[in-house]
Amino acid sequence: MTTPPSNARVPASDLAEESMGKHPIPTGIEGLDFVLQGGLPAGRPTLLRGAAGTGKTVIALTFLCKGIAAGDKGVLVTFDESPDALLEHAEGFGFPARRHRAEGHLRILDMRPDRNEVQVGDTIELTAILARIGHALDSTGATRLVVDAIDAMEAGFESSQSLRAELTRVFDWIRDRGVTSLITTGEHAQFSARYGLEDYIADCVIALKQEVSHRVMTRVLRVVKRRGRGHGTNEYPFLLNTDGLFLVPVTGSVLGAPVSEQRLSTGIPGLDAMLGGQGLYQGSTILLSGQAGTGKTSIACSLTQAACAAGIPVLYLSFEESVAELTRNQRSLGIDIGRYLADDDRGTLVMLPIRAVELGLEEHLMRVMHLIKRHRPALVVLDPVSSLAGRGDELGAKEILLRLLHLIKEEGITAVATELLSDDSQGVSHLDVSSMIDVWIKLRRHEHNGEMNRLIHVVKARGLPISDQVKEFRITGTGLRIEDPYIGEGGIVYGTARLARQTEDEETIGQLHLELDRARRLRTDLDELQAASERLMRAEQEAKAADLDRQVARIEQRLAASERARAAIGRGRA
């Protein structure tokens, strides 16, 4: 809570000098406070300029009402809209402005110019106006002041020099009071530049504008100047809807994404196996690329169903299909994500259809980040993210996608994005965001002999031992299946060709087994014939050897007999 300044006994110059050293006052808009490095300069006037419809009043009301909710009090001075209109405006954005007013925390002063009021010369006398504002600040103890549409005072002045002097007087009076102020002005006729509001009167200047590209409007914010403290110097897109103003200073992000060791199943056992057996790391960024009909959305829905079954909250953003159409189509595949929708008792799933052409690229980024802040999911599905790139601005789309994926990753959220590849892309991604992708899965069609089969392979998966094989991806009425490739003598085949090749290979294998058995029998017979021949040869050789032995014996006997006979004759002669 900011302590109300007690100005009665403190010189105005001392208050102004003291305010320069105070901590900034938060606006209540997180992204804007980041750009302003804390908030608006305390005790100083800030100028908020922009054309009609850029969000000036919304920022001013947010500054007031968020401050009141934090314990401060505020005064709203209007030179354009009626107090009732402003109260209704604030209530439309969820701010209880009427309750704040009833409780005395908010005072609204109607200062719309009235031609019937007394004028001095050609100028409106501001003394009474400043007195009313001062009384409102003192009586409420307010530390926040909003002056809405100060440029409406121009109608009450005939001389620009007089108006310039009076505006200077207003800004000096605010500094003397030491009240943190936000002053809004339009852009018509270069009001701010003509009266020097930016050059030296205001201590901080915030410029708002609308940019139109491809007939789509995006609101952009830029801090033109801020005395006494640094600030973001880029242009920052912001989202304005019924939830108020949402701004993400994407250029201020850092490489500090949290790392998780937890794994998340894809809901497809075969795909989990291709990713090392347990699925993906939570907090990863996954890209599913493929041609039409390859099953990208089905895999994303399978991941969604697995996450919901595990109690993980999911935000599913569909850029092409309605929720009813998407849930019906996936139910035919056995993927019933409709039962997890947020209106169910077990609701962990928020599904939102967003047409890609209805918002600009920057506003898409804001919308996604705003939904993430609002629903706090642990898994975000962008299906298909390539539809954002098909806007004729490939470079801008790439930049937005990189920033979006980086912001989601910094939140520690698992992001699943599908990418549609054209038929003539030859499997090449045109998003060129692979540097931000942790897991890249490609799907493609394989057409052969009048049949189309789906193939899947993991291009990369940081930190995971992935499969190097290209496998067959089948979509059936009972779910999604991944089958190992069939590699036969004729190479790799899929689908019904796989069955035919398996039958042919089985027949070939059977025939080979028969031929093998026949060859083995012949070989055995040959061995037996050879053994028999060897036995016969040995028998013949043995018979011949025995016959020769008998011949030798007979000859030896005859020789012996002859020798004995000769010996006997010799003895007889003697």
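Here are a few things to note about the model shown:
- Considering only residues in the range 470-480 that are in contact with a strand residue (DSSP E or B) (Cβ under 9 Å, 6 or more places away or on another chain) and touching a residue at least 40 places away in the same chain (Cβ under 8 Å), the one that is surrounded by the most Cβ atoms within 10 Å (Cβ to Cβ) turns out to be PHE473.
- On the stretch given as the range 42-56, residues that are surrounded by fewer than 24 Cβ atoms within 10 Å (Cβ to Cβ) and within 23 Å of GLY178 (Cα to Cα) total 2.
- Any helices (runs of 4 or more DSSP H) falling wholly within the range 36-110 and containing at least 3 residues that are touching a Ser or Thr at 6+ places or on another chain (Cβ under 9 Å): 56-69, 83-92
- Some residue of the range 134-143 being assigned to a helix (DSSP H, G or I), over 18 Å from ALA60 (Cβ atoms), modelled with pLDDT of 85 or more and in contact with a Ser or Thr (Cβ under 8 Å, 6 or more places away or on another chain): no
- Subset of the range 247-264 (residues that are modelled with pLDDT under 75 and of a type outside the set (Val, Ile, Thr)): PRO249, GLY252, SER253, LEU255, GLY256, ALA257, PRO258
- Cβ-Cβ distances below 7 Å connect the following pairs, each with a first residue in the range 402-422 that is more than 15 Å from LEU443 (Cα to Cα), a second residue that is of a type in the set (Ser, Thr, Tyr) and surrounded by 19 or more Cβ atoms within 10 Å (Cβ to Cβ), and a separation of six or more residues or different chains: LEU405/THR285; LYS409/THR285; THR414/SER284; ALA415/THR285.
- Residue within the range 325-336 that is under 24 Å from ILE268 (Cα atoms), modelled with pLDDT of 90 or more and of a type in the set (Val, Ile, Thr) present: yes
- Residue match in the range 481-494 (condition: modelled with pLDDT of 85 or more and under 30 Å from LEU303 (Cα atoms)): yes
- Within the range 267-322, tally of residues that are buried (at least 19 other Cβ atoms within 10 Å of the Cβ), without any contact (Cβ under 8 Å) to a residue 40 or more places away in the chain and either outside the structural domain of THR418 (by TED's automatic domain parsing) or out of contact with any helix residue (DSSP H, G or I) (no Cβ under 8 Å at 6 or more places or on another chain) (or both): 1
- Qualifying positions in the range 303-327 - under 18 Å from the mean Cα position of the chain (by Cα) and hydroxyl-bearing (Ser, Thr, Tyr): THR304, TYR316, SER318
The values are calculated or read from the model by the stated rules, or taken from the named source; none is laboratory data. Here the structure is a predicted model, which means the values were calculated and not measured. Virtual Cβ from ideal backbone geometry, glycine too; neighbours counted across all protein chains shown.
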